[in-house]
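See below for the structure under consideration.
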Amino acid sequence: MTPADRALASGRWVKWIAGASNQDLESIEDLAGIYALAGVHCVDLAADAAVVAAARRGLAWAEAHGAAPPWVMVSLSDGEDPHFRKAWFDPRRCPPDCPRPCERVCPALAIGERATGAPGVLAERCYGCGRCLPACPQGLIEERSLVLEAGTVAPLLAELRPDAVELHTSPGRQQAFEQRLRQLRASGLALRRLAVSAGAEVSLPELWQRFAALRAWGHRPLWQLDGRPMSGDVGAGTARAAVALLAARSTGMPPGPLQLAGGTNGSSLPFLQARPEVAAACSGVAFGGVARRLLQPLLAAAQGRGRALRHDPELWPRALELARSLLQPWLERS
Ligand code: SF4
Ligand code: SF4
C-alpha cells in the first residue's frame with residue numbers, strides 16, 4: 001500500500017488542485033513544489049504536457065527537500081464542463097472609459113491591465129471560473145471550451161504518464177464516460193486510481209452506472225464530491241456546500257473513497273467534525289482556489305524580485321508555513 005492509499009484509508013488524504021484549465025506554468029511549478037513539501041498526496045493538473053512538466057520540476061524540488069513524491073493526476077471531462085473552459089474577449093471592442101469590472105472580479109489576475117498594453121484575458125492564467133462573464137456590461141466576454149478530441153486522449157496520456165486520472169462527468173453522459181474509459185485503455189496506462197468528479201446533480205443511480213463501467217475496465221475508483229464547483233472565492237458557505245454533498249452521499253454510494261472538493265477551505269474540517277457520522281465517511285479533501293489564494297501574495301512578491309518563489313530563501317519558508325497551516329489539520333486528523 002502506498003502512502004497515498006494509506007491516507008485515503010485513514011481519512012487523511014489531501015490533494016492540491018492546480019485547475020483543469022490552469023496553464024500558468026510559473027505558479028504551477030512553485031505551488032506544486034510548496035504543496036508537495038507541505039505534505040499533499042496528489043497534485044491534480046490540466047492534461048497538458050507543459051503543465052505536467054512544470055509541476056514535475058516543482059515536485060523534484062520538493063523531493064530534494066525531503067518530500068515524499070505525491071501522485072500526479074491529470075483531469076479530463078466526458079463533455080462540456082466549466083472546469084474545462086477559458087474566458088476570451090477582444091479588448092479592441094471595449095469602450096475606452098470602461099472601469100474594467102472584469103479585471104476586478106478575476107481571482108486569478110488573468111485579465112491584463114490596460115496600462116500594460118495586454119488588456120485581454122491572459123489565457124495561461126485563466127482557469128475558467130466564469131466570474132468575469134456576467135461582469136461585463138457590454139456582454140463582450142465569451143467562454144471557449146477546452147474539451148479534448150477523442151483521438152487525442154490516448155497519445156496525450158501515454159506522453160504524460162500520470163499516476164491517476166480524474167474524469168469530470170455530468171448527468172446523462174454514461175456513454176461519453178465509457179468512451180473516455182476506452183481512450184484511457186488505449187493509452188496503455190496502469191493507473192493507481194480513476195477519480196470521478198461529480199456534483200450534486202449526478203444521481204446515485206448514475207454514479208452506480210459509472211462504477212460498473214470503472215470496474216469493467218479494472219479501475220479503482222475515487223469519488224470527488226464537487227460541492228460548489230468553480231467557487232473561486234471560498235468562504236464558509238462553500239465549505240458547507242461541500243460537506244452537505246458528502247452528507248447526502250454518505251450512504252448509498254458505490255464502493256470507493258469519498259473526497260470533498262468544490263468550495264473546500266479552512267472551515268471544511270470543523271464543519272465536518274461537527275457531524276461525526278458524516279466525517280466517518282470522508283477519505284480526505286482537495287484544495288483548489290483557497291490554496292492558490294493563500295500563496296498568491298508570496299508568488300507576486302517573488303515575481304517582483306525576479307525569481308521563482310521556491311528559489312527565494314526568505315519567501316519559500318513562509319509559503320511552506322502557510323501551506324502547512326491549511327493542510328496540517330487534515331494530515332493529522334484523528
Ligand atoms: S474571472 Fe475566471 S473565467 Fe474570467 S478570466 Fe478570470 S479566471 Fe478566467
Ligand atoms: S468589462 Fe467588458 S468592456 Fe469593460 S474592459 Fe472588461 S471586457 Fe471590456
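For segment 66-80, which positions are in contact with a strand residue (DSSP E or B) (Cβ under 8 Å, 6 or more places away or on another chain) and more than 18 Å from Leu157 (Cβ to Cβ)?
Going residue by residue through segment 66-80, those that are in contact with a strand residue (DSSP E or B) (Cβ under 8 Å, 6 or more places away or on another chain) are 70-78, 80.
Across segment 66-80, the qualifying residues are Pro70, Glu80.
Looking only at segment 47-92, how many residues end up being closer than 20 Å to Gly120 by Cβ and away from ligand 1 (no atom under 16 Å from the Cβ)?
Total meeting the criteria: 1.
Residues that are buried (at least 17 other Cβ atoms within 10 Å of the Cβ), at least 3 per element: which helices (runs of 4 or more DSSP H) completely within segment 256-325 meet that?
268-273, 289-304
Scan the strands (runs of 3 or more DSSP E) fully inside segment 68-162 and keep the ones with 1 or more residues being crowded, with 18+ Cβ neighbours inside 10 Å and among the hydrophobic types (A, V, I, L, M, F, W, C). Steps first, please.
Working: elements: 71-77, 85-88, 142-145.
Of the strands (runs of 3 or more DSSP E) lying wholly inside segment 68-162, those with at least 1 residues that are crowded, with 18+ Cβ neighbours inside 10 Å and among the hydrophobic types (A, V, I, L, M, F, W, C) span 71-77, 85-88.
Can you find, within segment 131-151, the residue that is nearest to ligand 2 (Cβ to nearest atom) among those that are of a type in the set (Gly, Ala, Ser) and modelled with pLDDT of 90 or more?
Of the residues in segment 131-151, the ones of a type in the set (Gly, Ala, Ser) are 135, 139, 145, 150-151.
In the following step, the residues that additionally are modelled with pLDDT of 90 or more were identified as 135, 139, 151.
Values: Ala135: 6, Gly139: 8, Gly151: 34 Å.
Top of the filtered list is Ala135.
Looking at Gly188, is it without any contact (Cβ under 8 Å) to a residue 40 or more places away in the chain, within 16 Å of ligand 1 (Cβ to nearest atom), more than 25 Å from Gly263 (Cα to Cα) and not in a helix (DSSP H, G or I)?
Numbers: without any contact (Cβ under 8 Å) to a residue 40 or more places away in the chain: yes; within 16 Å of ligand 1 (Cβ to nearest atom): no; more than 25 Å from Gly263 (Cα to Cα): yes; not in a helix (DSSP H, G or I): yes.
The answer is no for Gly188.
The values are calculated or read from the model by the stated rules, or taken from the named source; none is laboratory data. Everything quoted here is computed from the prediction, not taken from an experiment. Cβ sites come from the backbone with ideal geometry, for glycine too, and all protein chains shown count toward neighbours.
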